[in-house]
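The values are calculated or read from the model by the stated rules, or taken from the named source; none is laboratory data. Please read all numbers here as calculations on a predicted model, not as lab measurements. We place every Cβ from the backbone using ideal geometry, glycine too, and count neighbours over all the protein chains shown. In case anyone asks, the SASA skips ligands and DNA or RNA and just uses the protein heavy atoms, side chains included. Shrake-Rupley method; radii C 1.70, N 1.55, O 1.52, S 1.80 Å.
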Amino acid sequence: VVEDEANTAFEEQKARAKAISDVESTGLKVAVFSIDSNGMISIRKPGDYITSMIEMAGGSYVPANISVSEDNALSTMKITMEDFYVEAVDADVLIYNSTIEGEIKSIDELIKKSEVLKDFKAVKSGNVYCLSKGYFQQSSDVAEFIEDVHIILTGESGSLQHLFKLKE
């Protein structure tokens, strides 16, 4: 019975993810990051599962041109703010990964972490979101994340489940 429930849940997630991934790319750029107390930026490594889900939702992950010099099993890597700026200043959407450094509620809180973020296109347009801190404890919610990103990128109606928009 438990195995049947697991298979049903898996098939439901797969169908929901496929329904979204069949849409065309929006051409919009999305960056997922956090800032540590030393001002270093943690990003998802290009090609990891979060970046793939962003692409399935119709977005393009940035920074995509960062070379992965660390050969380890981690899905994140640290880069300087300067490198992040070059790659993500024109991103259409920023997603702050609160699972690393804690949730923030407003764009002002984000800018307090680094003033240079004021120059970012997504900050200027208010397209800044936060990934809820408990997301990675819910490993079965793949489709929900893809749906959240898709809603953000397309402006379609729907409520976000794992992302929330930062107050301006």
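Computed over the chain, the alpha-carbon pair-distance distribution with 10 angstrom bins reads 10, 40, 35, 12, 3, 0, each value a whole percent. Basic side chains Lys and Arg get +1 at the Cβ, acidic Asp and Glu get -1 at the Cβ, and with that the dipole of the chain about its Cα centre reaches some 540 debye. Pairs with C-alpha atoms separated by more than 18 Å, drawn from the list LYS124/LYS165; LYS118/LYS165; LYS29/LYS167, are LYS29/LYS167. Within the assembled protein chains, the solvent-accessible surface assigned to ASP83 is about 70 Å², based on a 1.4 Å probe. Accessible surface ranking for THR76, THR51, 1.4 angstrom probe, highest first: THR76, THR51. Rolling a 1.4 Å probe over the protein heavy atoms gives the chain an accessible area of 52 Å² per residue. Split the accessible area of the chain by element, probe 1.4 Å, and carbon with sulfur accounts for 49%. With the simple spin-label model, which puts each label point 7 Å out from Cα in the Cβ direction, the GLU24 to GLU109 separation comes to 3.8 nm.
DSSP bridge analysis restricted to the chain gives an antiparallel fraction near 45%, rounded to the nearest 5. How much accessible surface area, in Å² rounded to 10, belongs to the heavy atoms of TYR49 with a 1.4 Å probe? Spelled out: TYR49, probe radius 1.4 Å, area about 110 Å². Farthest towards the positive end of the charge dipole of the chain, among the residues ILE54, PHE84, SER25, is the Cα of PHE84, using unit charges on the Cβ of Lys, Arg, Asp and Glu. Taking 0.36 nm per residue of separation and subtracting the current Cα-Cα distance, fully stretching the chain between GLU101 and GLU11 would add 29.1 nm.
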